[in-house]
Amino acid sequence: MNAILSAAELAHELAGSRPPVLLDVRWQLGGPDQRPAYDSGHLPGAVFVDLDRELAGPPGAGGRHPLPDPEAFGAVMRRAGVRRGEPVVVYDGGLGWAAARAWWLLRWTGHEEVRVLDGGLAAWRAAGGPVTAEVPAPAEGDFKPSPGAMGLLDADGAAALARSGVLLDARAGERYRGEVEPIDPVGGHVPGAVSAPTTSNVGDDGLFLPAGELASRFSELGAAAGGAAVGVYCGSGVSGAHEVLALAVAGVRAALYAGSWSEWSRDPGRPVATGPLPG
């Protein structure tokens, strides 16, 4: 199953005999709560899920967005009507990072039929898709999480993969190089990691690049299907999930370092590299 689908494909599925459960996970880093935006208009039938409170655990030593407790996550998904073996489509405002986080969590906890709406709500509106302010009341789902279906790295695993495989840093290049660090305690990157900003996975229209173009991009960075093991990190495990999603579209399996730089940089015992990766 392709990890993403277009607005036209989603409209077709919603009109079919097996419509997917829709999750609205609009979110802005450091921005306002997106529940009011959801209340003012969302895809018909979509249930709002809050990233900070429901797709992450409390911030702390494990980073700004550590993984949520699997059982708590499962309860959120059941409240949203998620069922075993039934399709789920996740969307956000258009950036794709929050939707990818929900996609990754569902895949990691064992749900096999989950996809991201390419371009999110912006693409849906551009295609003439309807929105509503009506808040649904879905029947309770039966999804029970079984973690482990997607690769997951801790700090030691990320450090080891940077030496033995390919560890991609999904943040902006200037943060990777340590030129600026607007959020976390220290600027720079995991030694050996390769700069691969997730913003380069999409075009000017906000849609993912074609699978072949993504495959070429990642291959040039050393991450190719059937090649060395691949891992991804970012600031706090959100945009990194988007990179894992892009890799999946390109046919490359990748693990996520969920704690990412917000965990790594809090530990003074962890080494920090700055500047470009030596050629």
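Here Ala224, Ala258, Ala246, Ala250 are screened, and the one residue that is buried (at least 16 other Cβ atoms within 10 Å of the Cβ) and more than 27 Å from Leu29 (Cα to Cα) is Ala224. For Pro136, indicate whether it is assigned to a loop (DSSP other than H, G, I, E, B), more than 30 Å from Ala75 (Cα to Cα) and in contact with a strand residue (DSSP E or B) (Cβ under 8 Å, 6 or more places away or on another chain). Judged against the criteria, Pro136 is not a match. Can Arg175 be described as more than 16 Å from the chain's Cα centre (by Cα), at pLDDT 95 or above and crowded, with 22+ Cβ neighbours inside 10 Å? Yes: the conditions hold for Arg175.
Among the residues of segment 91-122, what is the count of those that are polar (S, T, N, Q) and modelled with pLDDT under 95?
Summing the residues that are polar (S, T, N, Q) and modelled with pLDDT under 95 in segment 91-122 gives 0.
Listed by position, the helices (runs of 4 or more DSSP H) enclosed by segment 47-132 that each have at least 1 residues that are among the small types (Gly, Ala, Ser) are 70-79, 97-108, 120-126.
Could you list all residues from segment 123-172 that are of a type in the set (Asp, Glu) and either surrounded by 16 or more Cβ atoms within 10 Å (Cβ to Cβ) or modelled with pLDDT under 95 (or both)? Within segment 123-172, Asp169 is the sole residue that qualifies. Within segment 66-93, being of a type in the set (Gly, Ala, Ser) and under 15 Å from Gly141 (Cβ atoms) holds for Ala72, Gly74, Ala75, Ala80, Gly81, Gly85.
The values are calculated or read from the model by the stated rules, or taken from the named source; none is laboratory data. Since the structure is predicted, the reported quantities are computational estimates derived from the model, not experimental observations. Cβ: placed from backbone, ideal geometry, glycine included. Neighbour counts: every protein chain shown.
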